Every structure is written in structure tokens, then in C-alpha cells.
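The values are calculated or read from the model by the stated rules, or taken from the named source; none is laboratory data. On a predicted model such as this, the values are computed, not experimentally measured, just so you know. We place every Cβ from the backbone using ideal geometry, glycine too, and count neighbours over all the protein chains shown.
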Amino acid sequence: MKVSDVQLSEVRERGYTLVPDFIDQQTLAAAQEALWEVFPRPEVYFADPAVRQQFSKSQFAGLRMFPYPVWALNRLAVYPDLVDAATRFCGTGDLDLYKVELWAKYAGATDYDQAHHRDYGNHTMVVPKVASSHVQMTTFILLRDVTELDGPTKIVPLDRSKDIPLARRELPMGTLFDQEITVTGKAGTLLIYKTDVLHRGSNFLGADRSRFVMLVDFQPRGWQWTGKMAWANHALSPHWGPTMVSMTPQERSLFGFPAPDSEYWDDQTVRDVGLRYPGMDMSAYEANA
Ligand SMILES: O=C(O)CCC(=O)C(=O)O
């Protein structure tokens, strides 16, 4: 589903928006099934103490970086309506898809309660520039239903935190708990928020519950003091090649892969990149070599 202009205005003004039914049913169902290639199904997790151990080390132990073994998951990062929203929100088609993570949480694995924080701490070396259109768009795609019981994200609308200076990256635990909104929704819901918005992860309120989300973040390409990961550093992952081969040239370029009109392409690079990525259709690059 296309994110509306009203919803994007909400992100600018209130700091976040929720888009129910964002992912179409077929894509969602395939991604949900593919989750079990990466994470234990909840019933397996809760039945086996040995499986449980790996998720108890910290609240971040259930984070898995892109790319994944299944296209049904990888394709969510470049879901056309998501790229469209980022293009409109960031005000440019020259986008940098600067982070993709899958995150599984299981009730009781660890303490998931967080203090309110602003994500810019590890998305930029400096602080968000209020008067700039170079805005980072951060998102959570809910891959299973998230209720009040399922460790939902809690978020503080911008108008309720306007007296807290931007430089305060984290607040003492509990400070604005009475001002926060709980982000619940059906599977397929998209949460869009900005890196200056106070929010936090929270604990499960029921036993045998779990939460599965994908985090996908975009920014205009170009500011070297913002970002999160160097994709070239992930290019030796066994899943990187098949993922790049499955993408269109435009989708690849979101990761920094040279666009068809880049001066990088000549006869040699078209030939050798084609050898590095067997099965990749090189015709768009060839045309400009
Ligand atoms: O998992 C969540 O709902 C939020 C987590 C979060 O904000 C963080 O770890 O920075």
C-alpha cells in the first residue's frame, strides 16, 4: 500500500506514523514462512532450552543483518511502496538504503525494557540538522501481529518532547512513560519514524509470546557522517550474490551498487562483475559501458 502524503506529514510533524496493511498479503505470507529459515519457530523455541540459550545473551541477540537466505525476506527491503515512501520523504530518488535488520524477540529470553532514546546516536556522528531536507527515514515492518503483550515499541510524539534538547540522546528510565504511545498492529503494518524521536523497546507482558520485525532505514545518498553499515563488508555473505542477482539495477543501487549510468562501467567491469555474479543480467550496464 502506498504511504499517503498525510502519513508522511505525520512523520515530519509528529515524528512517526503507522501504516496498517502496508505489505500485501502474498508478500507477507511468503516472508512469514521464510522467517523460520532464520529464527526458530516460537513453539520450537519455547520447547527447547538449548535453542533458548542463544537469545538470552542480550536483548540484541535476536538481530540478524541483511542479506537473508530467502528472497521472500530480502525483497521486503526494496518493497516498491517502501522505496516510494523513502523517495518522497527524503526528497530524492538518489537513496542510500543504509540498514536492514531482522529482529526476533521471545518472551522471557532477556529484559527487553529500554529507556527512551533517539536513534541518531548510532545513525550519525553528529546530530540531525533540523533545517535540512537530508532526513533519515527509519522503519519497522511488523511481520507478525504485535499486541500490548508482545513487547511493542513505545514512542513519544514530538510535541510531547519538544522541551527536551535534541542533544539529550537518552532519558533516565521511566521519564516519559506517561507520554508514550504503544505501537501495536497487525502483521504487515509499517512504522515510520525519525531519528530524533524518543522511543524505546519494551518487555513482553505474557508468556510464550514472540515478536518478529524487519528494520529498514533510508537516507539521501551523500553525507558521509550518517549511516550504519558498509554493504561491501557484507558482500562475502553466501546470500549476497543471489540477492543482488534477484534485484533490478535500481534496487541494487540502493545498496551502493554502481547504477547503470555510472562511469564505473566499461567492457572490463561488465565482464568481470558478470563473472562475480553468475546469472546477473548485465544488459543495463552493458548499454552504458
Ligand atoms: O525493539 C523495539 O521496539 C525498539 C528497539 C529500539 O528502539 C532500539 O534498540 O534502539
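Observations
- When residues of the stretch 1-46 are limited to those that are of a type in the set (Ser, Thr, Tyr) and surrounded by fewer than 19 Cβ atoms within 10 Å (Cβ to Cβ), the one nearest to Tyr79 (Cα to Cα): Thr27
- The listed residue being of a type in the set (A, V, I, L, M), more than 16 Å from the ligand (Cβ to nearest atom), surrounded by fewer than 20 Cβ atoms within 10 Å (Cβ to Cβ) and closer than 23 Å to Glu10 by Cα, out of Leu236, Leu215, Leu166: Leu166
- The number of residues in the stretch 181-193 that are surrounded by 21 or more Cβ atoms within 10 Å (Cβ to Cβ) and touching a helix residue (DSSP H, G or I) at 6+ places or on another chain (Cβ under 9 Å) comes to 4.
- Of all the criteria given as (1) more than 23 Å from Leu76 (Cα to Cα); (2) more than 13 Å from the ligand (Cβ to nearest atom); (3) among the charged types (D, E, K, R), the one not satisfied by Arg144 is (1).
- Check on Ala61, assigned to a strand (DSSP E or B), surrounded by fewer than 23 Cβ atoms within 10 Å (Cβ to Cβ), at pLDDT 95 or above and among the hydrophobic types (A, V, I, L, M, F, W, C): no
- Total residues in the stretch 158-181, condition in contact with a Ser or Thr (Cβ under 8 Å, 6 or more places away or on another chain) and of a type in the set (S, T, N, Q): 1
- Taking the criterion of being of a type in the set (Val, Ile, Thr) and either closer than 15 Å to Pro80 by Cβ or part of a loop (DSSP other than H, G, I, E, B) (or both), the residues of the stretch 1-43 that qualify are Val3, Val19, Ile23, Thr27, Val38.
- Pairing each residue of the stretch 96-117 that is free of Cβ contacts under 8 Å to residues at least 60 places away in the same chain with any residue that is within 14 Å of the ligand (Cβ to nearest atom) and among the aliphatic types (A, V, I, L, M), provided the two are 6+ apart or on different chains, yields C-beta distances under 9 Å for Ala109/Ala61; Thr110/Ala61.
- Near pairs, Cβ below 6 angstrom, 6+ apart or cross-chain, from the stretch 37-50 (under 16 Å from Thr110 (Cα atoms)) to any residue that is surrounded by 12 or more Cβ atoms within 10 Å (Cβ to Cβ): Pro42/Ser210; Tyr45/Val51; Tyr45/Tyr106; Phe46/Asp208
- Matching residues, the stretch 203-239, being in contact with a helix residue (DSSP H, G or I) (Cβ under 6 Å, 6 or more places away or on another chain) and farther than 25 Å from Gln59 by Cβ: Pro220
- Phe46 vs. criteria aromatic (Phe, Trp, Tyr) and part of a helix (DSSP H, G or I): yes
- For the stretch 18-36, the set of residues classified as of a type in the set (D, E, K, R) and either modelled with pLDDT under 95 or closer than 30 Å to Val156 by Cβ (or both) consists of Asp21 only.
- Qualifying positions in the stretch 170-186 - within 14 Å of the ligand (Cβ to nearest atom), within 20 Å of the chain's Cα centre (by Cα) and outside any strand (DSSP E or B): Thr184
- Conditions (1) surrounded by 18 or more Cβ atoms within 10 Å (Cβ to Cβ); (2) of a type outside the set (Phe, Trp, Tyr); (3) farther than 20 Å from Phe89 by Cβ; number of the one not met by Thr147: (1)
- Among the residues making up the stretch 197-206, those that are part of a loop (DSSP other than H, G, I, E, B) and within 13 Å of the ligand (Cβ to nearest atom) are Val197, Leu198, Gly201, Ser202, Asn203.
- Some residue of the stretch 93-111 being crowded, with 18+ Cβ neighbours inside 10 Å and part of a helix (DSSP H, G or I): no
- Positions within the stretch 111-136 being within 15 Å of the ligand (Cβ to nearest atom) and over 19 Å from Gly174 (Cα atoms), in sequence order: Tyr120, Gly121, Asn122, His123, Thr124, Gln136
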